[in-house]
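All remarks here apply to the structure that follows.
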Amino acid sequence: MKAIAIDDEPIALDLIRRHTEAVPDLELLGTFLSSREALAYLQKVEVNLIFLDIKMPDMNGLEVARLISPSTLIIFTTAYSEYAVSGFDLSATDYLLKPITLPRFLTAVQKARERHKMKGVSDVLFVKDGYQIVQIKLQELLFVESAGNYVTFFEAEKRTVVRMKLSEALEKLPPQNFLRIHKCHVINLNKVERIEKHRVLMADKNLPVSDRYWKDLMKMSLDLPK
C-alpha cells in the first residue's frame with residue numbers, strides 16, 4: 001500500500017516514518033506538516049492510506065477527511081480521545097491515540113490492509129427470492145435481519161426477503177466487512193454511524209449487540225470507550 005502522513009508535529013511524523021519501516025508492504029510516499037499542501041499533493045498522486053492528525057492549525061483532519069476520495073483509507077492520529085467518535089462517523093479505518101506504539105500501529109495497518117484487499121472482491125451477491133434471482137449490492141447493504149427461517153437484506157433503497165438461515169447469509173458475505181452482532185442481525189461495518197454500549201446505530205436503526213458478539217465488534221471497529 002502507498003501512504004502519506006499529515007501532522008503539524010515533526011516528532012509525530014518521524015515516529016510514523018519509523019513505524020512504517022517495520023511494514024514491508026507499506027510505502028510512505030511523503031509526510032506533510034500542512035493539510036493544504038497534502039491536499040494539493042493528493043490531486044496529483046493517488047495513495048491508498050493516509051495517517052491523518054485531527055487537530056491542526058490550517059485545516060483540521062476531520063475537514064480534510066471530507067475532501068478526500070472515499071476510496072482512500074484513513075487512520076486518524078491524535079492526542080485528543082474526544083475526537084474518536086467523530087472519526088468513526090467518517091468511516092475511518094482506525095483511530096490511534098498518541099503516543100503511538102508500534103504494536104498498536106501494526107494493528108491499524110492490518111485493518112487497512114484487509115480493507116484494501118476487499119477492493120478486489122466481488123461487490124454483489126445473488127440470492128434466490130421465490131422464483132427470481134435477485135442481486136444484492138454489498139456497498140449498499142446495511143444489515144441482514146433474521147425471523148424464523150427467513151432473512152431480510154436491508155439495502156439503502158430496498159429490502160429483499162429470502163428463505164435462508166442467518167448463518168447461511170453470513171457465510172456468503174465478506175468477513176472483513178460483515179459481522180454478526182446478535183442472533184438476529186449481521187451488520188455492514190462500513191455503514192455503522194455510532195457504537196454505544198451494546199447498541200449499534202445505522203441508517204436510523206438502533207440494533208442490539210449481544211454480550212456474545214460485543215468483543216468481536218470491538219476488535220473490528222475503533223477503540224471506542226467500552
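The values are calculated or read from the model by the stated rules, or taken from the named source; none is laboratory data. Remember, it's a predicted structure, so these values are computed and weren't measured experimentally. Using ideal geometry, Cβ is built from the backbone for each residue, glycine included, and neighbour counts are taken over all protein chains shown.
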Notebook entry, point to check: Out of segment 48-83, which residues are in a helix (DSSP H, G or I), within 16 Å of the chain's Cα centre (by Cα) and within 19 Å of Leu13 (Cα to Cα)?
Noted result: Leu62, Ala65
Checklist line | Members of segment 19-62 found to be surrounded by fewer than 22 Cβ atoms within 10 Å (Cβ to Cβ), of a type in the set (Asp, Glu) and out of contact with any Lys or Arg (no Cβ under 7 Å at 6 or more places or on another chain), listed by number | finding: Glu21, Asp25, Glu37, Glu46
Checklist line | Residues of segment 26-38 classified as farther than 9 Å from Ile6 by Cα, out of contact with any Phe, Trp or Tyr (no Cβ under 9 Å at 6 or more places or on another chain) and touching a residue at least 24 places away in the same chain (Cβ under 8 Å), total | finding: 2
Check: Just wondering, is there one or more residues in segment 89-102 that are assigned to a strand (DSSP E or B), at pLDDT 85 or above and within 30 Å of Ala169 (Cβ to Cβ)?
Finding: yes
Next item on the list: Go over the candidates Lys117, Lys128 one by one and state the one that is at pLDDT below 85 and part of a strand (DSSP E or B).
Entry: Lys128
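Listed here are the residues, each with its yes/no results for (1) more than 14 Å from the chain's Cα centre (by Cα); (2) of a type outside the set (D, E, K, R); (3) more than 22 Å from Tyr95 (Cβ to Cβ); (4) loosely packed, with under 14 Cβ neighbours inside 10 Å.
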| position | (1), (2), (3), (4) |
| --- | --- |
| Thr152 | yes, yes, yes, no |
| Glu168 | yes, no, yes, yes |
| Glu171 | yes, no, yes, yes |
| Ile181 | yes, yes, no, no |
| His185 | yes, yes, yes, no |
| Lys191 | no, no, no, no |
| Val200 | yes, yes, no, no |
| Lys205 | yes, no, yes, no |
| Lys219 | no, no, no, yes |
